[in-house]
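J.: Sharing a structure with you now.
The values are calculated or read from the model by the stated rules, or taken from the named source; none is laboratory data. Everything numeric here is computed off the predicted structure, so don't read it as measured data. In this analysis, Cβ positions are derived from the backbone assuming ideal geometry, glycine residues included, and neighbour counts consider all displayed protein chains.
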């Protein structure tokens with residue numbers, strides 16, 4: 001995905017150096033214009049599976065807030081590309097705005113919670129990932145009703161994976177996987193990052209092959225759901241459904257992690273640990 005988001009151009013390093021030295025608004029505006037394609041890219045990915053009334057242009061406008069925050073906070077001296085640093089903040093700003101306008105019906109949220117709780121309960125009882133039939137039975141649904149429920153909540157799942165390790169501080173746009181090197185990090189921070197990655201690797205490794213493949217291609221390779229559908233030979237809506245189920249399974253598996261674990265995570269918008277688990 002890094003190559004897809006690469007907006008490097010002549011003079012950008014000099015522009016960053018001058019902006020960080022002077023803090024001039026005119027220079028910041030130049031950086032905003034330069035990295036605007038990153039916002040468009042993220043908005044396009046978030047829009048997949050959302051209701052039709054959610055305009056991608058509106059998502060991009062929400063994302064600009066995250067871009068500005070990223071530009072103001074970014075430290076060029078760190079060994080990381082700006083695009084990698086900015087994506088989770090842009091996505092976080094979009095998600096925060098979607099939450100504020102209550103874009104997901106309460107009935108859909110309730111169904112998502114019920115399915116997640118069922119996965120968590122059965123996981124604890126069976127000591128393995130439950131099958132669709134077992135979850136459907138626990139929810140007193142037929143298999144067809146369960147699949148219909150997954151389709152209804154599928155657009156919730158598109159953004160849910162980034163919330164698995166997100167802390168209570170909305171300024172911390174934490175996502176799964178990569179970490180931003182921080183010279184001020186102490187032993188505790190390093191331990192939390194290691195512990196979080198290990199928990200993620202273990203959780204993903206226990207999932208079915210198709211769910212692991214979808215998570216890896218979507219978050220690590222940066223493919224769209226439609227592109228993943230072409231690879232797997234299924235429709236985009238089916239990929240969206242598989243993604244949703246995988247997200248709910250991960251959330252259930254990681255629900256009992258200590259509060260605050262993973263809050264120090266920051267950085268890329270891809271599941272860097274996923275390939276190690278496949």
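J.: Would you confirm whether or not the stretch 152-166 contains a residue that is out of contact with any strand residue (DSSP E or B) (no Cβ under 9 Å at 6 or more places or on another chain), part of a helix (DSSP H, G or I), at pLDDT 70 or above and surrounded by fewer than 21 Cβ atoms within 10 Å (Cβ to Cβ)? Even if it seems obvious, please write down each step before you answer.
T.: Our first condition is that a residue be out of contact with any strand residue (DSSP E or B) (no Cβ under 9 Å at 6 or more places or on another chain); within the stretch 152-166, this holds for 152-166.
Imposing the further condition that a residue be part of a helix (DSSP H, G or I) reduces the set to 152-163.
Next, only the ones that are at pLDDT 70 or above stay: 152-154.
Checking the rest, the ones that are also surrounded by fewer than 21 Cβ atoms within 10 Å (Cβ to Cβ) come to 152.
Yes - at least one qualifying residue is present in the stretch 152-166.
J.: Just give me the residues in the stretch 85-133 being surrounded by fewer than 12 Cβ atoms within 10 Å (Cβ to Cβ) and farther than 20 Å from residue 245 by Cα, in sequence order.
T.: 100, 101, 102
Here's the yes/no breakdown for (1) free of Cβ contacts under 8 Å to residues at least 60 places away in the same chain; (2) more than 10 Å from residue 94 (Cβ to Cβ); (3) in a helix (DSSP H, G or I); (4) within 19 Å of the chain's Cα centre (by Cα):
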{"position": "26", "(1), (2), (3), (4)": "yes, yes, yes, no"}
{"position": "29", "(1), (2), (3), (4)": "yes, yes, yes, no"}
{"position": "36", "(1), (2), (3), (4)": "yes, yes, yes, no"}
{"position": "40", "(1), (2), (3), (4)": "yes, yes, yes, yes"}
{"position": "53", "(1), (2), (3), (4)": "yes, yes, no, no"}
{"position": "60", "(1), (2), (3), (4)": "yes, no, yes, yes"}
{"position": "65", "(1), (2), (3), (4)": "yes, no, yes, yes"}
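J.: Of all residues in the stretch 67-81, which are touching a residue at least 60 places away in the same chain (Cβ under 8 Å) and in a helix (DSSP H, G or I)?
T.: Listed by number, the list holds a single entry, 69.
J.: Name the single residue, out of those in the stretch 1-16 being loosely packed, with under 12 Cβ neighbours inside 10 Å and in a helix (DSSP H, G or I), that is modelled with the lowest pLDDT.
T.: From the stretch 1-16, those loosely packed, with under 12 Cβ neighbours inside 10 Å are 3, 8-11, 13-14; that's our starting set.
When the remaining residues are screened for being in a helix (DSSP H, G or I), the result is 13-14.
Numbers: 13: 89, 14: 92.
Applying the filter and picking the extreme gives 13.
J.: Restricting attention to the stretch 217-242, report how many residues are surrounded by 16 or more Cβ atoms within 10 Å (Cβ to Cβ), closer than 25 Å to residue 134 by Cα and modelled with pLDDT of 85 or more.
T.: 3
J.: Any residue at all in the stretch 179-202 that's modelled with pLDDT of 55 or more, closer than 18 Å to residue 131 by Cα and buried (at least 19 other Cβ atoms within 10 Å of the Cβ)?
T.: no
J.: Follow-up. Mind checking which residues of the stretch 71-84 are crowded, with 17+ Cβ neighbours inside 10 Å and in contact with a helix residue (DSSP H, G or I) (Cβ under 6 Å, 6 or more places away or on another chain)?
T.: Hits for the stretch 71-84 are 71, 74, 83.
J.: Ok, one more. Between 145, 134, 140, which is modelled with pLDDT of 85 or more and not in a helix (DSSP H, G or I)? So that I can check it myself, show each step before the final result.
T.: Details: 145 fails: not in a helix (DSSP H, G or I); 134 fails: not in a helix (DSSP H, G or I).
Answer to the selection: 140.
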